[in-house]
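Please read the structure below before turning to the comments.
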Amino acid sequence: MRPTDQDYREALAGHAGRVERFLRGEIPADAWRPIRLSYGLYYQLDHTSHMQRIKVPGGQLSADQLEVLAKITDQYGRGIGHWTTRQDLQIHWVPVEGIVDLYEQLHAVGITTRGACADSVRNVTGCPFAGAAPDEAFDITPYVVAAHEYFLFNPLNLTLPRKFKIAIEGCPADCAQCPVNDIGAYAKIGADGRRGFALVAGGGLGAQPFLAVPVAEFIPDEDLLIWFEAIVRVQHRHGERANRNKARMKYVVKRMGHERFRATVEAEAERVAAERGASLREQVRALVAEHRVPPVQHVSPTGVAPEPGFARWRETNVRPHRDPRLAIVIVQLPLGDVSGEQMRLLARVARQYGNGTLRATNDQNLVLPAVPHAALAAVHAELREAGLDEPSAGTVLDVVSCPGMDYCSLAITRSMGVAERLRSHLLDDPDTSDGFPARLGRFSVKVSGCPNSCGQHHVADIGLTGHSVSGDDGLQRPYYSLLVGGAVGEGQARIGQRLGRFAEEDTPAAIAALARYYESERHRGESFPMFVQRVGTAALRSVAEAATRIAGGI
């Protein structure tokens, strides 16, 4: 059954009661921890202030929802929100005293933080270009909603051995990064023209990264919840509960082996279908039938002349739409940060020039999914006024980073700091500034401040993971391990190969040198992972080390 408004209200009321008891001192800290985590409330680095994670299924936002997110960002998060690599919004320095009001404001516009942390099915991610991409099999939006709603109050949820992640993808680019999720679903059109999905399962990053393995080559689209339920059941039953370090489903796959795991899932899917197949199929069919893509309200020319920088911005931040009259606009948010004021502006732009919706991406940007070509100059002018017109979305300058030591109690290094240092280095170097990012094309750099891989460094073209190394003087200094050639994509995913460890101050020079080397030596149409495989890590290591010696004046 789909959750009702009453379900949400009763759950929130129960949680509010527990918050009040904690504030009165009736719930001790150790008992409070799982309570706050169940609604996505984390301790920050100082263990006295809090970070709130807000789930946005599939990254799908209405302008009304973004305005509420802007309001609570200003009210409770010191005016800055941070978009994550799983289409969540995080706000920091949140006072516990205001948390119930924050949840009630979100509930009023259809957003819940239930399951944003804890041992639960986390935010269901989806392609941010769903319904707009010209090469998608079909719009996966209603299937994301189906999975989100189904597991929110599922009895298995919040009692899993460990966190559980689901991704659904509709286009070949694999923006949802299916291979590094516990479940990944790729949209397919069958030989008979019917919709369906190919399923993979058992992926996950962290200190030991695993890529998901194939589970089903094709299932009818209406069977999606049946198979999702089956896979979650397998994890609930077989997942490790004594050792949290081995509790993700990737270790179930490793322990069982691929074929036994696949057979176990298939048998469980048959049981789920026998028990509740009819109702689950009907739930999917209903959501698909009621799904509508909001129309664009303004399709006539706006009369705004292009401002400086428009051509370069259009080259990198505007992508084709399935409707030739429209375009997809990517709003680049450096390091995922955006102010409440900027979010309000984006909500207005979405209404005035788009279809009133936006999308959050897994690379920490926002998307206006449907903008008439005639309105692009006006949109660029609005973004320029707000400082959101950076022309490098998806390029080497569009660095992804976890919050690192600025906020996270688990971090080892200041990942956002090194990401900003890299951006500055590339912009200041004549060899990598100006048109270099656009010439290089899509190129991902991802930074994690510890081995947990919240920055998804394992699947970047170049990934960085933070370490702390003792010097001769006994002091700890930040270093980064560089990985090269990581990728996602159906049948194309790979974990990056370790290139070496570099002092924090040397990493920008190393990455810039690798990017220049790739530009000059690549074959036509050769991606960076293909390039890494062809030239080998030894050659790339030599390039990076030579650049750091030059940068250090050696």
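The values are calculated or read from the model by the stated rules, or taken from the named source; none is laboratory data. From a predicted model like this one, the values you see are computed outputs, not experimental measurements. Backbone-built Cβ (ideal geometry, glycine too); neighbour counts: all protein chains shown.
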**Asked** Out of the residues in region 515-541 that are in a helix (DSSP H, G or I) and of a type in the set (G, A, S), which is surrounded by the most Cβ atoms within 10 Å (Cβ to Cβ)?
**Response** A515
**Asked** Inside region 28-45, can you point out the residues that are in a loop (DSSP other than H, G, I, E, B) and touching a residue at least 60 places away in the same chain (Cβ under 8 Å)?
**Response** Y39, G40, Q44, L45
**Message:** Pairs needed: first member in region 155-183, outside the structural domain of V232 (by TED's automatic domain parsing); second member anywhere, part of a loop (DSSP other than H, G, I, E, B) and basic (K, R); C-beta distance under 7 Å; at least 6 residues apart or different chains.
**Reply:** none
**Asked** Can we say T85 is assigned to a helix (DSSP H, G or I), within 25 Å of M405 (Cβ to Cβ) and in contact with a strand residue (DSSP E or B) (Cβ under 8 Å, 6 or more places away or on another chain)?
**Response** no
**Asked** Is one or more of the residues making up region 88-98 of a type in the set (A, V, I, L, M), in a helix (DSSP H, G or I) and either modelled with pLDDT of 95 or more or surrounded by fewer than 17 Cβ atoms within 10 Å (Cβ to Cβ) (or both)?
**Response** yes
**Message:** Among the residues in region 117-134, are any surrounded by fewer than 22 Cβ atoms within 10 Å (Cβ to Cβ) and under 28 Å from H321 (Cα atoms)?
**Reply:** yes
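Can we say G491 is free of Cβ contacts under 8 Å to residues at least 12 places away in the same chain, outside any helix (DSSP H, G or I), over 21 Å from D398 (Cβ atoms) and within 24 Å of the chain's Cα centre (by Cα)?
Yes, satisfied.
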**Message:** Given the condition in a helix (DSSP H, G or I), of a type in the set (F, W, Y) and on the phi < 0 side of the Ramachandran plot, answer yes or no: does some residue in region 501-508 qualify?
**Reply:** no
**Asked** Would you pick out the residues in region 383-404 that are surrounded by fewer than 20 Cβ atoms within 10 Å (Cβ to Cβ) and assigned to a helix (DSSP H, G or I)?
**Response** R384, E385
**Item:** Extreme residue, surrounded by the fewest Cβ atoms within 10 Å (Cβ to Cβ), among residues of region 405-419 that are in a loop (DSSP other than H, G, I, E, B) and not hydroxyl-bearing (S, T, Y)
**Value:** L410
**Prompt:** Taking R233 and the conditions (1) buried (at least 20 other Cβ atoms within 10 Å of the Cβ); (2) assigned to a helix (DSSP H, G or I), which numbered condition does it fall short on, given that it satisfies the others?
**Reply:** (1)
